[in-house]
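Input: a single structure, listed below in structure tokens.
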Amino acid sequence: MKRFSSIQFITTLAFLVVFLSFFAILYVYSSRTISEKQYDQLLLERDNMELEIEKFFLDTSHVNEVIGSYIKIGGEDELIDYLIDVKSTHDVMFSIYYLTKDNQMTNSSGFVPPPTIDFRERIWYISALASEGVAFSPVFLNVSQDKMIVTISKAIYNDSNELMGVIASDIDIQTIQEFVSNKKIGTTGYAFLIDQNNHIIAHPKYNTDILELVTSETLVYGLSHLDATDITSNFEIDGVKGVLAFNPIINNSYMIYLFIPNNEFNTSTLILFSIFLVLSIIMLTIGTLLIFLNQKYIFNPFNLLVEDIDKIDMTKDLKYRVSVENKKGFTEIRKVLNDVLDTTTHYFELNQKAHRELLYENQRVMLLIDSTADIIFEIDKEKKYVSVFGKGIQKIKHTPDQYIGKSVLEAFGEEGLERDLAYDKALQGESSIYDWKIEIDGEIFYFESSISPIYDEDDNIVGAVGISRDITEPTKRQEEIDFINCHDYLTGLFNRRYYAKVLEKYDKPEYFPLGIMNFDLNGLKILNDAYGHLYGDLALKQVGEVLLSSFAKEDIVSRIGGDEFAAIIPNTTFEKVEAIKNKIRSQISLITVENINLSMAIGFDLKYDEQANIQDIIKFAENKMYRHKLSEGMSVRNNAIRAIHKTLTEKYKEERIHSERVSALCKALGIKLGIKDEDLNELVMAGMYHDIGKISIPDAILDKPGKLTKDEYDIMKTHTESGYQILKAADEYSNLAEYALSHHEHWNGSGYPRGLVGTNIPLYARIITICDAFEAMTSDRVYRKKMDKKHAVQEIIKCSGAQFDPRLAQVFVKEVLKAKWEVSEILKKQKSD
């Protein structure tokens, strides 16, 4: 008991010592705070003076900017009048003048300098050119030596950023001198202003009536030794130490200084010391009295309360309560303590129940974690894995043991660097999301991970928890979309949009010489018209493979149109591009599609420097390609048509025989009609190629052994139009196209495809119609036997004037077939019926 009282006495005494120590610390802190406040007040005073001085100069510089705008818009016409007007409204402006870049001056004072003086060498002119805005000169005496002035100048540029001249104004700084010289800092402090040449502009001891430039060292020694800080203590001026605040102003053109002596600056601190000393004595007296009173009325009753509290043991007896007798003191505390014991007992029972529920909840969470398809992991503050859960870990064929106790770099090596950075952020309180991938048995899996910090009850970060989700499928889908956006779906080459994007990237000096190549596949339209787009696509794919194998990895090869391709070749030479061109032409010539040898028109050009326009380079390459196409295109198309006809006749023997016989009949009829030489040759060719359009008819229809259905016959009738399109593509066969289109037209207009009547049908088409019909009637077909000549002649006579030209029909029957033009009895009976 006594020992506890001694402890209480010592504790109280220690409290007083601590309290007084705290009081002393509070004094030191307060003293420092007051000093800082005084520093702040001095800096605030300095900042206010800066604003006032800057306002004076900036108001004047704004006038220069307005005059500059006037010159840029209106030029120098009536400029002298405008400068005089401006000067008359601004008293502080001693003079305003404008000097052009050719050394021509316009001065509001009317002063015209002699041509021997080059004002472009003056400091105000040079400073204006060196400054992006307004330049401020050091202080100097004017020409008449009666004023201290500063020149404000600004360079004027036109809309093309070409120098026009410099506008300048001489400013009378008497107002600023009076403002600074008369400024009081506190009671005994003062301010002064110095320019960039270390000349005093304003100082309480500087007599501005004496027009003389005075350096700062004359009145204030040691300013040049000051460092870059904006305030310094114990700076001595005229034998008086004090605090000096300073700062550059107006674009570092001038320095403002504020000085206050130490005896005034430290007055508040001395007053504070006296107050704290008195308060310390009072607190010591009160503390001694409190020790006595606490011992009697607090410490002794408190010792009794402590003894009763020591008897509490919640592990053995939850029903124990302390005595509440008045003689022991602290009765209300004892009652409250018993209430606390009642509450503790209640919460202890609740805690037991919560513990059971938490145990069950923990089991449910673990089951959920183990069943999730994600990977859930936890790291400690050393970035080592503490736990790893989830079926996702099985998907990548790993086990938690491969991670627990290891850092991410130990587990993944250099591939874990990005994750390591994310872990650092999480342990610094920043959640983050990152992607990573891993290859398992040749298959790449993509994951998206998020990681967030874990906090303890005091909000201290103790680790981090993360979830990694398998995003392999959406990632692969996005990669497919990205590929489609940049590539041609048919050839796998880059598309036109990607070509335009990369062209802009490569149009830079580091890629020069830059080669541009353009390609055009010859005869694609004929191939599509003859065999269908399936074969045209096959040709494009084979061309794409050749192009892709002919360029380096860094080259860009694109399909930019139906049959057009282009390539971008960085850092190349003329010889290299020429070699690529020859290689491609050679390989393309080896490709054959349905007897048609492919060929390609190629043109290229190179950009060597930035002066050349990339669009012009492309145009040059295209022009070369088109010249190539013109020189070879006709031959290619003619050969293609012959190849198509060869394919048709080789595939269908009947078609070869039919074409040859029709051609021979056409020649015979043409001779009888007086057609000669080239015209006769054209007729023979027309008869040979009249059914070339059948190459586009499906085999199932051409080979059908029975009669065609209506739909099949409609398809068969399209061979005239297909033949027209094929033959029209080649100049050598362009006339034959019209005959192929019209050889199923009828004299009475009932034919197809256009329903032409009479002589509107081309002559050669009318000839082919007769020869084609006769040959068809006198030839075997899979679905019928051939007619004899006699019956075929009767059919010609019967259809004369309806299907056939009557004049041509008579010539054919009488002179070519050597038959009589007479109607048989059967035909007469048919007509009578």
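The values are calculated or read from the model by the stated rules, or taken from the named source; none is laboratory data. All figures in this text were calculated on a predicted structure; none of them were measured in a lab. Every residue, glycine as well, gets a Cβ built from its backbone with ideal geometry; the counts of neighbours run over all protein chains shown. Just so you know, the surface numbers come from the protein's heavy atoms only, side chains and all, with ligands and any DNA or RNA stripped out. Shrake-Rupley method; radii C 1.70, N 1.55, O 1.52, S 1.80 Å.
Some values worked out for this structure:
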| read-out | value |
| --- | --- |
| When each of LYS694/LYS728; LYS353/LYS383; LYS710/LYS789; LYS55/LYS101; LYS583/LYS607 is checked by Cα-Cα distance, pairs over 27 Å | LYS353/LYS383; LYS710/LYS789; LYS55/LYS101 |
| Taking only Cα atoms of region 751-827, radius of gyration then Dmax in Å | 12.8, 35 |
| Calculated FRET efficiency for the pair LYS717/THR573, C-beta based, R₀ 56 Å, to 0.05 | 0.50 |
| P(r) tail fraction, region 179-258 - alpha-carbon pairs more than 17 Å apart, % | 44 percent |
| For GLU65, solvent-accessible area (1.4 Å; no DNA, RNA or ligand), Å² | 70 Å² |
| Under the Karplus curve 6.51 cos²θ - 1.76 cosθ + 1.60, θ = phi - 60°, whole-Hz ³J(HN,Hα) for region 188-204, x wherever Gly or Pro sits | 10, x, 8, 10, 8, 10, 10, 8, 5, 9, 6, 8, 6, 8, 8, 6, x |
| Percent of Cα-Cα distances greater than 24 Å, calculated over region 663-763 | 28 percent |
| Partners for LYS147 among lysines (Cα-Cα distance below 17 Å; same-chain residues under 8 apart left out) | LYS87 |
| Lys/Arg +1, Asp/Glu -1 at C-beta; the chain dipole; positive extreme among GLN478, GLY603, ALA802 | ALA802 |
| Estimated inter-spin distance, LEU708 and ILE126, nm [label 7 Å along Cα→Cβ] | 9.7 nm |
| Reachable lysines from LYS319, criterion Cα separation under 19 angstrom, eight or more residues apart if same chain | LYS311, LYS335 |
| Options PRO453, VAL388, TRP436, ranked by Cα towards positive dipole end of region 376-457, top entry (Cβ charges) | VAL388 |
| Charge context of PHE94, other residues only, Cβ under 14 angstrom, K/R +1, D/E -1 | -2 |
| Protection proxy ranking of 681-692, 615-626 - average other beta-carbon atoms within 10 Å, highest first | 681-692, 615-626 |
| Segments 416-427, 591-602, 19-30 sorted - mean Cβ within 10 Å per residue, highest first | 591-602, 416-427, 19-30 |
| DSSP-defined beta bridges in the chain - what % are antiparallel, rounded to 5 | 95 percent |
| Exposure of TRP436 as accessible area (Å², to 10), given a probe of 1.4 Å and all protein chains | 30 Å² |
| Spin-label model distance (nm) - ALA354 vs ALA24, 7 Å beyond Cα toward Cβ | 4.7 nm |
| Accessible area, probe 1.4 Å, largest first, for residues ASP102, ASP317 | ASP102, ASP317 |
| Label corresponding to Rg and Dmax of the Cα atoms in Å when calculated from the structure given, among (1) 53.5, 162; (2) 41.3, 148; (3) 27.9, 100 | (1) |
| 14 Å Cα-Cα reach of LYS508 towards aspartates and glutamates, excluding residues that sit fewer than 8 places from it in its own chain | ASP609, GLU610 |
| Region 112-147-region 398-426 distance, computed between alpha-carbon centres (Å) | 68 Å |
| For region 110-190, Kirkwood radius (reciprocal of mean inverse C-alpha pair distance, Å) | 15.1 Å |
| Area of ARG477 that stays accessible when all protein chains are in place (1.4 Å probe, Å², to 10) | 130 Å² |
| Sum of -39500 (n - 2.57) over DSSP H runs of 4+, divided by residues of the chain (222 nm, nearest 500) | -16500 deg cm²/dmol |
| Estimated dipole of the chain in Debye, rounded to 20 [Cβ of Lys and Arg +1, of Asp and Glu -1, Cα centre] | 4700 debye |
| Carbon/sulfur fraction of accessible area - region 164-281, other protein chains in place, 1.4 Å, % | 55 percent |
